[in-house]
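The values are calculated or read from the model by the stated rules, or taken from the named source; none is laboratory data. This is a predicted model, so every value here is computed, not measured. Every residue, glycine among them, receives a Cβ derived from its backbone with ideal geometry; neighbour counts consider all protein chains shown. Ligands, DNA and RNA are excluded from the accessible area calculation, which covers all protein heavy atoms including side chains. Shrake-Rupley method; radii C 1.70, N 1.55, O 1.52, S 1.80 Å.
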Amino acid sequence: MRTSTVEAREATRTVSGARAVVRVLEEAGAEWIFGHPGGASLPLYDALYDAPKLRHVLCRHEQVAAHAATGYARASGRFGVCTATSGPGATNLVTGLADAMMDSAAVLAITGQVVRANIGTDAFQEADVTSITTPITKHNALVIEPHGLVRTLREAIYLCQSGRPGPVLVDVPRDVFQTQIPADLLDEPFEPRRRPVTKGNATRIAQAADAISRSRRPVLYVGGGAQDASVPLGRLARRCRIPVMVTLMGKGAFDETDPLCLGMLGMHGTAYANYAINAADLVIAVGARFDDRVTGRLKDFCPHARFIHIDIDPSEIGKNKPAHVPIVGDAREVLEALEPLARPPETEAWWRQIEEWRTRHPLRWKPGPLLKPQEAIEAIYRVTRGEAVVVTDVGQHQMWAAQYYKCRRPRTFISSAGLGAMGFGFPAAMGAQFARPDTLVVAIVGDGGFQMTLQDLITAVEWKLPLKVYVVNNTSLGMVRQWQELFYQERYCAVHLRNPDFARVAEAFGAVGIRVERSDELEPALLRSLEVTDRPVVVDLVVDPEENCYPMIPSGQSVKEMILGD
Amino acid sequence: MTDAVPIPQVRSERRVLAVLVDNVPGVLLRVVALFRRRGLNIHSLAVSVTEDPAVSRITMTVECPAILAESVVKQVRRVMEVRRVRDVTDAPRTERELALVKVNAPAGVRSEILEAAQVFRARPIDLTEKTVTLEVTGSPEKIDAFLNLVARHGVREVARTGSVALIRGSATT
């Protein structure tokens, strides 16, 4: 009955705006849409009723929908879709969109808006969403003209994925969803207004190759923009024997178990990575943006180095550090062109120095009577054989996960890096599990961040996601506590958390809950969690609340001020 | 490959930026927001449609170090509706501003004001028993100078358009 109505409408060669949205999404290959309905988006939901290929995941909070779309996009390399109604629905997307912007995730957000006649009148559930999201989206648009809906949406899908990916929001008034538009609009070819430069300038690439060949202390500084460039990156590093250090976003772009890899650099990076980059005479930055969490005090960062900066976004080049060889282009294309040109530099002495640092200052933690968080991460690494897609929340556990979970393949480490949004981990892990249904996905979260979005455990239960949520529970906002200890004379203010029993919370939602308090319980519990395949598992890992995350370069300082913690 | 790391120029100076954008709602907000974010005060801003009705021109002057202007200009270029953006500060250019100036002009001093206006090629466009309103165009400095000159008579109100600028010669932005 319902289907025949749709067919009848299409026979007259018009289609509702809402149905057109569904058609465009399906054609673009979208499978999942994470969202929460409301008045202004009701016509879209009505159209979803007839859309078997585009499945909707009802998230209990729009922030979760946005993070899930981000997790989906980052795990799959495709684009994630989220939707919310007007006003409060749309404003709840804001944190997720800001996160996607900072970490360059391809996210399409479709929001409902009040009917056109009511826009600007402070109507019920109205908010000026395009204005609100302008600084935190790559692009956004309010669709005033129903005939422009299809084009706007196609452009948004193209934009969110092209060049430097990012969130794009399309705000659709309810009556535009309801308006019948000519079905022909769906057949119009789409031509993007602008195409990013992906091929690097040949002269610059030759200069870069020359600089590499002449360097004595080169390093590769690998960011999130290198996730899809791991093949030529690996070839360049291995053939030229260049040490590789990854950012939080770059984890997975290069095999961290390879001896060439020095792990993560920056505030909580390895001491040897930080010593190496600061002694380097050549820094090859690939898809990295010289974030302050990496550089510390800018003027003291890499004082002896020249910089080759490869980035698809021209506005990143020279933003924080002037580049001697700026190369605008897609990291994979540029590295493919650069790799054969570079002659291996003489790096034997350099490697001797690096190995000395690596031996003298390894990552380490001291066992104690209580379960140590690092111990927990190492056990997670061990039982998952380093094969999982790891999604983290924000805080100490995030840094420990980055330090102790070694990633080998691209898109297997997903974390809120740029925005540092607590509450990100669990929802993004859900999105990642939708993207990679046959892969083991683990969320490593803190007790603080998990409580910001754990209501959506019910969503994971509903979809039978075999997700593992490992709560590194130190009964506090650990990173804040660490800063108060080190920089605020141990004046602990508002950091101690009275937590629920996470295992029982999980059970109440219909998930499996396990509590671990001692080291000897750790591995059996983790192994048990891996056996569950039809629902999420929450493992509450009660760890030493006093443990701090080291090494640490205090905010705004340089490698000279690094605290090794031993 | 350059040898020395360029030393960032930190001295603030007046930068003149020309931005060509799609003539659609919301563009100005996007462009201006990027300056606001960096805490840059926009000294003047002139926006209007161009010879092509689909395109608007934004001319803005800001006070900031050249290197900061360069960084923001690159970010402005990311805005989808921005077609072209150029820092024209160092280019030979024609630059003009228009001001309407309402000056106290009782009978006794009126001729003196009008005489001064002639020197600045300012045209009287409105007259009352107590005031004269003058239209003056020219470089921002010329307008400043004129305002200084008539200040002692009492300036009641000024409306300035902000600078508009074009590259000199046949070249376009």
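Relative protection proxy for A:208-214, A:507-513, from highest mean packing down: A:208-214, A:507-513 (other beta-carbon atoms within 10 angstrom).
Evaluated at q = 0.09, 0.13, 0.14 Å⁻¹, the base-10 log of the normalised Debye intensity for region A:67-214, with identical point scatterers placed on the Cα atoms, takes the values -0.35, -0.63, -0.71.
For region B:91-173, a crude dipole built from +1 on the beta carbon of Lys and Arg and -1 on the beta carbon of Asp and Glu, taken about the Cα centre, is about 120 debye to the nearest 20. Given +1 at the Cβ of Lys and Arg, -1 at the Cβ of Asp and Glu and no other charges, the dipole of chain A around its Cα centre is 1360 debye to the nearest 20. For region A:468-566, what is the percent of antiparallel DSSP beta bridges, rounded to the nearest 5? Antiparallel bridges: around 15 percent, rounded to the nearest 5. Against chain A, whose longest principal axis is taken from its Cα atoms, helix A:62-76 shows a tilt of about 60°. Determine the shape class of region A:215-337: with a ≥ b ≥ c the square roots of the Cα gyration tensor eigenvalues, call it rounded for a/c under 1.5, and otherwise prolate if a/b is greater than b/c, oblate otherwise. Rounded, because the longest to shortest axis ratio a/c is under 1.5.
Extending 7 Å from Cα along the Cβ direction at A:GLU521 and again at B:LEU100 yields two label points whose distance is 7.9 nm. For the listed peptides A:439-448, B:122-131, A:134-143, B:56-65, a ranking on the average number of other beta carbons within 10 Å per residue, highest first, reads A:439-448, A:134-143, B:56-65, B:122-131. Considering only A:PHE290, A:GLN227, A:ALA127, the residue lying farthest towards the positive end of the dipole of the protein assembly as shown is A:PHE290, judged by Cα position with unit charges set on Cβ. The alpha carbon convex hull volume per residue for region A:35-79 rounds to 78 Å³. In a shell of Cβ-Cβ distance under 11 Å around A:ALA84, excluding A:ALA84 itself, what net charge do Lys and Arg (+1) and Asp and Glu (-1) give? In short, -2. Within the assembled protein chains, the solvent-accessible surface assigned to A:MET422 is about 60 Å², based on a 1.4 Å probe.
Using the Cβ of A:LEU260 as centre and a radius below 9 Å, the other residues enclosed give a net charge of 0, where K and R count +1 and D and E count -1.
The slack between A:GLU355 and A:ALA494, meaning 0.36 nm per residue of separation minus the straight C-alpha distance, is 45.8 nm. For chain A, the longest principal axis of the Cα atoms and the long axis of helix A:149-161 meet at an angle of about 10 degrees.
Only one residue of A:ALA84, A:GLN207, A:PRO146 has its Cα farthest out toward the positive end of the dipole of region A:75-210, where Lys and Arg carry +1 and Asp and Glu -1 on Cβ, and that residue is A:GLN207.
For the pair region A:187-201 and region A:406-471, the centres of their Cα atoms are 33 angstrom apart. The C-alpha atoms of chain A define a longest principal axis, and helix A:2-11 lies at about 80 degrees to it. Eigen-decomposition of the gyration tensor built on the alpha-carbon atoms of region B:1-108 gives equivalent ellipsoid semi-axes of 29, 21, 13 angstrom, largest listed first. Beyond 19 Å, what share of the Cα-Cα pairs of region B:56-173 is found? Please give it as a whole percent. It works out to 56 percent of all Cα pairs. Of all beta bridges DSSP finds with both residues in chain A, what is the antiparallel percent, to the nearest 5? Given both bridge residues lie in chain A, the antiparallel proportion sits at roughly 5 percent. In the frame of its principal axes, region A:413-566 has Cα extents of 49, 30, 27 Å, reported largest first. Counting only other chain Cβ atoms within 10 Å of each residue's Cβ, the peptide B:74-83 averages 4.
Legend: residue pairs A:LYS372/A:LYS468; A:LYS366/A:LYS468; A:LYS138/A:LYS464, Cα-Cα distance threshold 30 Å; pairs beyond threshold, A:LYS138/A:LYS464.
Separation of region A:472-514 and region A:240-317 by C-alpha centroid, Å? Cα centroid to Cα centroid, the span is 32 Å.
Other residues lying with their Cβ under 12 Å from the Cβ of A:GLN207 contribute a combined charge of +2, Lys and Arg counting +1, Asp and Glu -1. Given axes a ≥ b ≥ c from the Cα gyration tensor, I'd like to know whether region A:2-113 is rounded (a/c under 1.5), prolate (a/b larger than b/c) or oblate. It is prolate, given that a/c is not under 1.5 and a/b is the larger ratio. Peptide A:309-322 has a mean shielding of 3, counted as Cβ atoms of other protein chains within 10 Å of each residue's Cβ. For the protein assembly as shown, the alpha carbon convex hull comes to 201 Å³ per residue, rounded to a whole number. Translational diffusion of region A:353-447, estimated by Stokes-Einstein from the Kirkwood radius over alpha carbon pairs at 25 °C in a medium of 0.890 mPa s, is 172 µm² per second. Let me make sure I get this right: for region B:112-173, a, b and c are the square roots of the gyration tensor eigenvalues over alpha carbons, sorted descending. Under 1.5 in a/c it's rounded, otherwise prolate if a/b > b/c, else oblate. Which is it? Judged from the Cα gyration tensor, region B:112-173 comes out prolate (a/c at least 1.5, a/b above b/c).
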